[in-house]
Amino acid sequence: MRIFFLVALLFLSSCSLPVGTDTTQSSLIPYDWGQFTIQVPKSWNEAKKQDIPLPKNGTVVLAYVSPEITNGFSNNLLIIKEKLTGLMSSKKYSELNHIQTTKSYLEYTKLLDSSILFSDGDESKVYGFEARYNQNTPRKKFLQTSKICTDTVYLMTVSISLEKDITKYKEILQSFTCK
């Protein structure tokens, strides 16, 4: 099994798009990718393919960014998929990914460690944290979980500015449904 959190963090650290206003959680709209559905904030935009770096492992299947920019950074949602090579639960994958994530930051502070229940009854772990990846990136808040659909894992990360409440973004991740 390859954990591919680093790619998500690099993308999330570098996103910036046109200025605008962020959304409230009550204005989510469905996004249907074919293999899954998820609710995304109505005011967010799908990132252009040329603006998304290629991941070292896995494939970026969804990247949405807020038009609001704070300190050169847009709030965003990134989903990366990868085929699993063995049996594992969504919860276990999320736990292992989080262990690796904590080792990858210059600065790291855990804010949230709780269960997340998807509509199909599958339970996972969701982690919220403030982190700074390196000397060149600002400190940000992240909310991260994973969901396994048959033999594919989807790693979902929401990255937001420090003044945002990460718990409000859990609703986005929880709306993920395998098809």
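Data overview
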{"read-out": "Ascending count of other beta-carbon atoms within 10 Å, so fewest first, for SER124, SER104", "value": "SER104, SER124"}
{"read-out": "The chain, helix-only ellipticity at 222 nm - DSSP H runs n ≥ 4, -39,500 (n - 2.57), divided by all residues, nearest 500", "value": "-4500 deg cm²/dmol"}
{"read-out": "Relative contact order %, the stretch 97-179, counting alpha carbon pairs below 8 Å whose residues are six or more apart", "value": "24"}
{"read-out": "Unit charges on C-beta of K, R, D, E only; dipole of the chain, Debye", "value": "380"}
{"read-out": "Candidates LEU62, LEU106, LEU28: whichever shows maximal mean-square fluctuation once the chain is modelled as a Gaussian network with Cα springs under 10 Å", "value": "LEU106"}
{"read-out": "Value of relative contact order over the chain, rounded to a whole percent, pairs C-alpha under 8 Å and six or more apart", "value": "24"}
{"read-out": "For SER175, distant residues with modelled amide H under 5 Å away", "value": "GLN39"}
{"read-out": "Of SER115, VAL61, GLN135, farthest towards positive along the dipole that unit charges on Lys, Arg, Asp, Glu beta carbons give the chain", "value": "GLN135"}
{"read-out": "Too-long pairs where the Cα-Cα distance tops 19 Å, listed order kept, from LYS103/LYS168; LYS83/LYS147; LYS42/LYS147", "value": "LYS103/LYS168; LYS42/LYS147"}
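Rule-based calculations on the coordinates, nothing more; no lab input. Everything quoted here is computed from the prediction, not taken from an experiment. Heads up, the Cβs are rebuilt from the backbone with ideal geometry, glycines too, and the neighbour counts pull from every protein chain shown.
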